[in-house]
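Just below is one structure, and these are the notes that go with it.
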Amino acid sequence: MPIKNILVVDDSPTDLRYLSDILAKSGYAVTTAESAEEALAKVKQQRPDLVLMDVVMPGQNGYQATRTLSKDNATKDIPVIIVTTKGQETDRVWGMRQGARDYIVKPVSQADLLAKISALG
């Protein structure tokens with residue numbers, strides 16, 4: 001399934017804008033959410049082709065939201081790429097165990113992000 005619609009989840013307005021700009025310039029339709037709770041609601045409403053999920057956010061964290069999406073029959077086929085400052089190997093392994101398809105450590109390189117998205121599509 002080609003990836004066209006991407007939900008970007010991050011509580012940082014700067015990171016939201018940076019990621020959204022990269023994706024929009026590359027031809028993707030972008031929706032944003034500023035919390036895991038907002039993201040879960042938007043995924044159920046809009047059915048994006050991909051979710052880029054931050055980890056460190058107020059309220060529910062990105063690991064919890066990724067686990068929720070990967071365990072729900074209605075959303076388990078929507079891939080999640082975790083995009084976070086948490087760069088330890090244990091963080092990456094934990095993120096993948098929650099159901100993420102890939103893991104990117106900030107600062108995000110445009111080429112790396114687009115390559116990982118392309119690999120999923």
Can you list the residues, at least 5 places off or on another chain, whose amide H is less than 5 Å from the amide H of I104, using H built in the peptide plane? I82, V83, T84
Under the 0.36 nm per residue contour assumption, what length would be gained going from the current alpha-carbon distance of Q64 and D77 to full extension? 3.0 nm
Dividing the surface of the Cα convex hull of the chain by four yields a projected area in nm² of 6.5
Listed residues T75, T14, T32; largest mean-square fluctuation, Gaussian network over the chain with Cα springs below 10 Å, found at T14
Counting only DSSP loop positions in region 1-44, the trypsin sites (Lys or Arg not before Pro) whose Cβ has at most 12 other Cβ atoms within 10 Å are K4
Using only DSSP helix segments of four residues or longer, with each worth -39500 (n - 2.57), what per-residue ellipticity at 222 nm results for the chain after dividing by its residue count and rounding to 500? -13500 deg cm²/dmol
Under the Karplus relation with 6.51, -1.76 and 1.60 and θ = phi - 60°, whole-Hz ³J(HN,Hα) for region 50-55, x at Gly and Pro, equal 7, 10, 9, 10, 6, 9
Sequence order, region 40-45: Karplus ³J(HN,Hα) from phi using 6.51 cos²θ - 1.76 cosθ + 1.60, θ = phi - 60°, Hz rounded, Gly and Pro as x, gives 4, 5, 5, 4, 5, 6
Can you list the HN-Hα couplings for region 68-75, worked out from phi with the Karplus curve (6.51, -1.76, 1.60; θ = phi - 60°), rounded to whole Hz and with x for Gly and Pro? 4, 5, 6, 9, 8, 4, 6, 10
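Values quoted throughout were computed directly from the atomic coordinates according to the rules given, and no laboratory measurement underlies them. Because the structure is predicted, anything quoted here is derived from the model rather than measured. Because the Cβ atoms are built from the backbone with ideal geometry, glycine has one as well, and the counts that use them run over all protein chains shown.
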